[in-house]
Amino acid sequence: MSDTVSLCPTLTDVSFCEDGLPLLRVDAQLPQITGRHARRFNRYYQACAAAFESWCRYSIFPQAQQLYRQALLNAAPLPQWHASLQSTITLQKDHLLSLYTDTILTGAQQRTLIRRADIWDLQRILPVTVAECFPPHTPWRSLLLGEAEQQIRQQEAQGIAAYDPLWRKKLRRHFRPQQFYLADDGLHFFFSMRTIAPALEGIPTFCVPYNEETGPFLPQ
């Protein structure tokens, strides 16, 4: 693969302050590549970083300011929030790059974790879809949902995870085809926090091992 991928600090030492006190710290670590497609790829994640900083400035910081003023009136502890955008590379093989990026907000009443995934064909700098990981006409949606149901039943029977009592209905309602990434052990697909399980369970994630005949497999 001609392109070299690395994770680089994109936002560092960014703080939003009130009365000289930092109420919200912001940082980001996102992928960058060097090579013939570097400009197009890096511009995409620079835009992600800019959107994240704008979200922190205009949505999160006003909430921290409000709590700060309430804390001053009530002699309560001052809020100290931290917003982070962190990418994790899950697979880098030939022309494929798979990663997910977590938006993490701590310090608020509830910890927020938002995940999005990107699978790239670096030869074209185009996204890879879940359908490309299966033979044509494969009912991959039903296959993945069936796998999730089986794994949830196993986890609940073993007492290692707890799901919403209505998880069967919510599983289909909250399934998003773009919420997947590739790793050495198979295709991982996930559900957003608090959609099918309590927040304590984080991001519910399920893995389907590779199968060259029936799928999933690495796109060629």
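Suppose the filter is over 30 Å from ALA38 (Cα atoms), in contact with a Gly (Cβ under 8 Å, 6 or more places away or on another chain), at pLDDT 95 or above and open to solvent by less than 90 Å² (accessible area, probe 1.4 Å); does TRP140 pass it?
Working: over 30 Å from ALA38 (Cα atoms): yes; in contact with a Gly (Cβ under 8 Å, 6 or more places away or on another chain): yes; at pLDDT 95 or above: yes; open to solvent by less than 90 Å² (accessible area, probe 1.4 Å): yes.
Against the criterion (over 30 Å from ALA38 (Cα atoms), in contact with a Gly (Cβ under 8 Å, 6 or more places away or on another chain), at pLDDT 95 or above and open to solvent by less than 90 Å² (accessible area, probe 1.4 Å)), TRP140 qualifies.
Can you work out which of the residues in the range 12-28 that are of a type outside the set (D, E, K, R) and surrounded by fewer than 19 Cβ atoms within 10 Å (Cβ to Cβ) is nearest to ASP121 (Cα to Cα)? Walk me through how you get there before you give the answer.
If we filter the range 12-28 for residues that are of a type outside the set (D, E, K, R), which is where we start, we get 12, 14-17, 20-24, 26, 28.
Restricting the remaining residues to those that are surrounded by fewer than 19 Cβ atoms within 10 Å (Cβ to Cβ) gives 12, 14-15, 17, 20-22.
Numbers: THR12: 29, VAL14: 32, SER15: 35, CYS17: 41, GLY20: 46, LEU21: 44, PRO22: 40 Å.
The qualifying residue nearest to ASP121 (Cα to Cα) is THR12.
Can you confirm whether ARG43 is out of contact with any Leu (no Cβ under 9 Å at 6 or more places or on another chain), open to solvent by 70 Å² or more (accessible area, probe 1.4 Å), without any contact (Cβ under 8 Å) to a residue 12 or more places away in the chain and under 22 Å from ASP3 (Cβ atoms)? Explain how you work it out, then say what you get.
Numbers: out of contact with any Leu (no Cβ under 9 Å at 6 or more places or on another chain): yes; open to solvent by 70 Å² or more (accessible area, probe 1.4 Å): yes; without any contact (Cβ under 8 Å) to a residue 12 or more places away in the chain: yes; under 22 Å from ASP3 (Cβ atoms): yes.
For ARG43, the condition - out of contact with any Leu (no Cβ under 9 Å at 6 or more places or on another chain), open to solvent by 70 Å² or more (accessible area, probe 1.4 Å), without any contact (Cβ under 8 Å) to a residue 12 or more places away in the chain and under 22 Å from ASP3 (Cβ atoms) - is met.
How many residues does the range 171-187 hold that are open to solvent by less than 70 Å² (accessible area, probe 1.4 Å) and assigned to a helix (DSSP H, G or I)? Give the derivation first.
Narrowing the range 171-187 to residues open to solvent by less than 70 Å² (accessible area, probe 1.4 Å): 171, 174-175, 177, 179-183, 186-187.
Within this subset, residues satisfying the condition of being assigned to a helix (DSSP H, G or I) are 171.
Of the residues in the range 171-187, 1 are open to solvent by less than 70 Å² (accessible area, probe 1.4 Å) and assigned to a helix (DSSP H, G or I).
Given (1) in contact with a strand residue (DSSP E or B) (Cβ under 8 Å, 6 or more places away or on another chain); (2) closer than 30 Å to LEU126 by Cβ; (3) open to solvent by 80 Å² or more (accessible area, probe 1.4 Å); (4) not acidic (Asp, Glu), where does SER87 come up short, assuming only one miss?
(3)
Within the range 55-69, does at least one residue satisfy the condition of being surrounded by fewer than 19 Cβ atoms within 10 Å (Cβ to Cβ) and within 16 Å of GLN86 (Cα to Cα)?
Among the residues of the range 55-69, at least one is surrounded by fewer than 19 Cβ atoms within 10 Å (Cβ to Cβ) and within 16 Å of GLN86 (Cα to Cα), which makes the answer yes.
For the range 132-170, how many residues are assigned to a helix (DSSP H, G or I), polar (S, T, N, Q) and touching a residue at least 40 places away in the same chain (Cβ under 8 Å)?
Taking the range 132-170 and keeping what is assigned to a helix (DSSP H, G or I), we get 132-133, 140-158, 167-170.
Subset that is polar (S, T, N, Q): 142, 150-151, 154-155, 158.
This time we only want the ones that are touching a residue at least 40 places away in the same chain (Cβ under 8 Å), so: 151.
Residues meeting the conditions: 1.
Among the listed residues ILE152, ILE203, ILE114, which satisfies the condition of being modelled with pLDDT of 95 or more, closer than 30 Å to GLN65 by Cβ, among the β-branched types (Val, Ile, Thr) and open to solvent by less than 40 Å² (accessible area, probe 1.4 Å)? Show your work before the answer.
Numbers: ILE152 fails: closer than 30 Å to GLN65 by Cβ; ILE114 fails: open to solvent by less than 40 Å² (accessible area, probe 1.4 Å).
Unique residue meeting the criteria: ILE203.
Looking at (1) over 30 Å from GLN70 (Cα atoms); (2) open to solvent by 50 Å² or more (accessible area, probe 1.4 Å), can you tell me which one LEU122 breaks?
(2)
Give the range 206-220 a look and list any residue that's surrounded by 14 or more Cβ atoms within 10 Å (Cβ to Cβ) and assigned to a loop (DSSP other than H, G, I, E, B), or say none.
TYR210, GLY215, PRO216, PHE217, LEU218, PRO219
The values are calculated or read from the model by the stated rules, or taken from the named source; none is laboratory data. The structure displayed is predicted, hence computed values, not measured ones. With ideal geometry, Cβ positions are generated from the backbone for all residues, glycine too; neighbour counts draw on all protein chains shown. Keep in mind that these areas ignore ligands, DNA and RNA; they rest on the heavy atoms of the full protein, side chains included. Shrake-Rupley method; radii C 1.70, N 1.55, O 1.52, S 1.80 Å.
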